[in-house]
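Encoded as structure tokens, the structure appears first; notes follow it.
The numbers here are math on the coordinates, done by the rules we state, and not lab data. Just so you know, these numbers come straight off a predicted model, no measurement behind them. Reconstructed Cβ throughout: ideal geometry from the backbone, glycine too, with neighbour counts over all protein chains shown.
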Amino acid sequence: MTAAAVARATATRLAAADAAGLNATLHWSESLLDAEAARVDAMPAAGPLAAMPIALKDNIVTVQAPTTCGSRILEGYVSPYDATAVQRLRSAGALMAAKANMDEFAMGSSTEHSAYGRVKHPMDPSRVPGGSSGGSAALVAAGVVPAALGSETGGSVRQPASFCGVVGVKPSYGRVSRFGLVAFGSSLDCISVFGRTVDHAARVLSAMSGHDPLDSTTLDRPPMAVPAALPDLEGLRIGLPREYFPADLHPGVAAGMERVKQAIRELGAELVEVSLPNSKFAVPTYYIVAPAEAAANLARYDGVRYGPRKVGPGGDIRDVYQTTRGEGFGPEVQRRILIGTYVLSAGYYDAYYRKAQRTRARIADDFRRAFTGGVDLLLTPTTPTPAFRAGEKTEDPVSMYLADIFVCAISLAGLPALSIPVGRSEGLPVGAQIIAPFCEDERMLAAAGAVERVVAATEEVR
Amino acid sequence: MSIGRDDVIHVAKLAELAVKDEDLTRLVDQLNRIVDYVAQLDQVPADGTSDLFLPGPDQVALRPDVPGSVPLARPPAAMAPEFADGFFLVPRHGAMEDL
């Protein structure tokens with residue numbers, strides 16, 4: 001099949017998703033898709049992602065389409081350069097199909113905080129797809145594209161992958177360049193991948209991984225290999241952290257976890273209980289560290305370097321800053337900038353930020369101890385519940401933040417982790433999370449491929 | 001610690017963020033809920049671990065010390081609200097000195 005034919009079929013599916021009111025895309029056009037297809041069809045050899053259409057979360061920059069980050073403050077902005085990840089995917093033969101809707105500046109767990117409207121869950125429009133990469137997740141779940149890029153700061157790919165019933169992979173921090181990913185929390189941000197299958201996600205990750213001189217936090221090691229799914233899990237010890245299996249876990253999620261534990265045992269792995277005692281502090285730690293970094297990173301949106309500029313009543317430069325930011329940022333972004341500024345301000349730095357940094361170190365130490373103690377991988381639920389209803393948590397930020405309770409700690413520790421679908425609870429997908437030691441992304445994907453092969457991911461759990 | 005109306009106004013000024021009067025009550029309530037929630041970090045012992053953890057490479061890989069630039073598809077003038085003679089244009093400084 002030529003890339004031109006793939007592009008036409010992709011355009012038909014994108015149009016159908018838009019017509020169905022999914023609201024998962026922010027920018028795409030048939031002319032851009034045709035141009036991408038012409039480029040791929042002219043390549044002298046088919047790359048490893050030959051003509052695979054890929055959607056991009058709208059915080060990953062491209063020269064051809066606007067990048068808004070789901071925010072009014074970047075309305076009309078078009079980057080003068082491409083993200084390294086985009087360049088590498090193009091070189092591998094992929095088609096950049098669409099820019100996907102997202103929570104504004106990747107701040108949210110439901111994709112209800114986009115300035116361009118909420119994204120609907122593809123299986124139940126009254127529910128959220130998760131967030132912040134909800135547009136990318138919905139496009140893969142709806143069958144529009146086989147893979148999509150999202151970004152993770154505190155679980156923003158694994159959580160929506162779980163809600164939407166697709167695979168979501170966060171690589172080790174530093175394996176994929178952040179050059180061209182709009183910064184939110186720089187010590188946490190990772191370009192991550194949604195795939196229809198583990199193999200789709202692994203191929204995309206492999207193509208865009210590797211050292212980048214334009215991002216000094218990338219690891220100086222070769223690109224990731226695409227691992228084959230393991231035939232079985234004989235000889236592996238997989239840890240079950242007791243803190244991730246609370247008594248009040250949603251019954252559907254608990255049943256999904258029983259299903260995947262049984263499958264893993266049948267594949268030959270040994271399951272052992274472990275403890276990660278500081279993970280209970282991950283969400284409060286995250287909601288100090290991430291807003292603090294965000295307050296600094298988002299200072300650049302001031303109406304001077306990026307439009308649209310709003311001039312306040314005083315007409316001077318400070319009015320420009322304050323009015324542009326006050327009118328350009330939505331409520332969740334404003335909240336996080338205020339919290340981040342507060343915890344970094346004189347008199348509060350030690351009480352909040354320093355304490356959060358210390359706790360982050362303890363959380364990372366827990367994982368190190370578990371892995372050096374003889375466990376190869378860890379298994380947890382990805383989320384405490386299946387997808388919740390739209391509007392259910394928007395007025396209570398803390399309740400929304402707790403949707404990320406099982407994914408945050410891994411981001412703080414910089415580890416690789418993924419979510420795979422393991423069943424449905426009353427029709428809604430349930431995901432399981434596999435966590436690996438730092439830079440053992442390939443081993444994690446190979447094990448996940450084995451689990452994916454045997455778990456009945458679309459069947460109800462009992 | 002609790003956050004009052006004046007604290008929100010002060011922090012908003014530090015953050016260069018115009019906050020509407022009608023939003024202040026909601027912001028005070030929501031920020032207090034967040035601060036109350038993160039206060040559970042007081043339970044974390046202060047000893048036994050280093051103060052700082054950052055993921056990623058132990059050492060930053062150095063690139064050749066050769067000046068270079070990322071080729072831009074369009075110049076800064078095309079992105080900025082106002083740009084002339086190589087400069088971003090802004091309104092007069094005015095109250096900047098009051099900081």
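How big is Rg to Rh over the stretch B:1-43, alpha-carbon atoms, Rh as the Kirkwood inverse-mean-distance radius?
1.03
Just rank A:M400, B:M79, A:M107, fewest to most, by other beta-carbon atoms within 10 angstrom.
Arranged by neighbour count, lowest to highest, A:M400, B:M79, A:M107 become B:M79, A:M400, A:M107.
Quick one: which residues, 5 or more positions from A:G131 or on another chain, have an amide H under 5 Å from its amide H? H modelled 1.01 Å from N in the peptide plane, none for Pro or chain starts.
Distant-sequence amide H within range of A:G131: A:S110, A:T111.
Got the relative contact order for the stretch A:289-369 handy, in percent, Cα pairs under 8 Å and 6 or more residues apart? The partial results should precede the final answer.
Values: 65 pairs, mean separation 27.8, N = 81.
The value is 34 percent.
Count the net charge of all other residues whose Cβ sits under 11 Å from the Cβ of A:F245, scoring Lys and Arg as +1 and Asp and Glu as -1.
Value of the local net charge: -2.
If each of A:R72 and B:D29 carries a label point 7 Å out from its Cα toward its Cβ, how far apart are those two points in nm?
Rounded to a tenth, the inter-label distance reads 2.2 nm.
Expressed as a rounded percentage, what relative contact order does chain B have, with Cα pairs under 8 Å and six or more residues apart?
It comes to 18 percent, rounded to a whole number.
Please report, ordered by residue number, every helix of chain A (full DSSP H runs) that is 15 Å or longer along its axis going by C-alpha atoms and whose mean Kyte-Doolittle hydropathy reaches 0.0.
For chain A, where a helix must reach 15 Å along its axis and average at least 0.0, the hits are A:3-19, A:198-208, A:282-297, A:331-344, A:441-454.
Any idea what the dipole of the stretch A:1-138 comes to, in debye rounded to 20, about its Cα centre with Lys/Arg Cβ at +1 and Asp/Glu Cβ at -1?
Computed charge dipole of the stretch A:1-138: roughly 180 debye.
Going by how many other Cβ atoms sit within 10 Å of their own, how do A:R203, A:R237 line up, fewest first?
The order, fewest Cβ neighbours first, is A:R237, A:R203.
Loop-only check: which GluC sites (Glu not before Pro) in the stretch A:374-462 are DSSP coil with at most 11 other Cβ within 10 angstrom?
Taking the stretch A:374-462 and a limit of 11 other Cβ atoms within 10 Å, the loop GluC sites (Glu not before Pro) found are A:E395, A:E426, A:E459.
Set the Förster radius R0 to 41 Å, insert the Cβ-Cβ distance between A:D396 and B:D85 as r into 1/(1 + (r/R0)^6), and round the FRET efficiency to 0.05.
0.25
Once the Cβ-Cβ distance between B:L14 and A:A35 is put in as r, and R0 is 56 Å, what FRET efficiency do you end up with, to the nearest 0.05?
0.80
Quickly estimate the mean residue ellipticity at 222 nm for chain B, helices only: each DSSP H run with n ≥ 4 gives -39500 (n - 2.57), and the total goes over all residues, rounded to 500.
When only DSSP H runs of four or more count, the value is -9000 deg cm²/dmol.
From other protein chains only, count the Cβ atoms within 10 Å of every residue's Cβ in B:27-38, then give the mean. Could you put the intermediate results ahead of the total?
On the way: counts 4, 0, 1, 9, 5, 0, 4, 13, 8, 1, 8, 16.
Other-chain Cβ atoms within 10 Å of each residue's Cβ, averaged: 6.
Among A:H113, B:H10, A:H211, which comes first, second and so on when ranked by fewest other beta-carbon atoms within 10 Å?
B:H10, A:H211, A:H113
What nm value, rounded to one decimal, do you get for the distance between A:A9 and A:T458 when each label is placed 7 Å out toward the C-beta?
Each label point is offset 7 Å from its Cα along the Cβ direction, giving 1.7 nm.
Give a residue-ordered list of calculated ³J(HN,Hα) values for the stretch A:179-192 (Karplus: 6.51 cos²θ - 1.76 cosθ + 1.60, θ = phi - 60°; whole Hz; x for Gly, Pro).
5, x, 8, 4, 6, 10, x, 5, 7, 10, 4, 9, 5, 9
On full extension of the chain, what length is gained from A:M1 through A:V272, given 0.36 nm per residue of separation minus the C-alpha to C-alpha distance? Mind dumping the intermediate values first?
Working: separation 271, 0.36 × 271 = 97.56 nm, distance 4.70 nm.
Value of the extension gain: 92.9 nm.
Which whole number in µm²/s is D for chain A by Stokes-Einstein, with the Kirkwood Rh taken over Cα pairs at 37 °C and 0.692 mPa s? Can you show the working numbers first?
Working: Rh = 21.9 Å.
My calculation gives 150 µm²/s for D.
Take the cross-link list A:K280/A:K355; A:K393/B:K20; A:K57/A:K120 and give me the ones stretching past 19 Å between alpha-carbons.
A:K393/B:K20
FRET efficiency for B:R92 and A:S186, Cβ-Cβ distance as r, R0 = 30 Å, nearest 0.05? Present the calculation step by step, with values, prior to reporting the outcome.
Values: r = 33 Å, r/R0 = 1.10.
Once rounded, the FRET efficiency stands at 0.35.
Whose amide H sits under 5 Å from the amide H of A:L56, counting only residues 5 or more places off or on another chain, with H placed in the peptide plane?
A:A97, A:A98, A:K99, A:A100, A:L149
Testing the spin-label approximation: label points 7 Å from Cα along Cα→Cβ at A:R237 and A:A19. State their distance in nm.
5.7 nm
Over chain A, what is the percentage of antiparallel beta bridges among all DSSP beta bridges, to the nearest 5?
65 percent
Given the C-alpha centroids of the stretch A:338-352 and the stretch A:265-310, what is the distance between them in whole angstrom?
Going from one Cα centre to the other spans 17 Å.
Just need log10 I(q)/I(0) for the stretch A:1-156 at q = 0.08, 0.11, 0.18 Å⁻¹, Debye formula, equal scatterers on the alpha-carbon atoms, no solvent, rounded to two decimals.
Normalising to I(0) and taking log10 leaves -0.20, -0.38, -1.01.
Select from the stretch A:1-86 those GluC sites (Glu not before Pro) which occupy a DSSP coil region and have at most 16 other Cβ atoms within 10 Å, ordered by residue number.
A:E75
Would you mind pulling out the separation of the Cα centroids of the stretch A:432-462 and the stretch A:77-95, in Å?
29 Å
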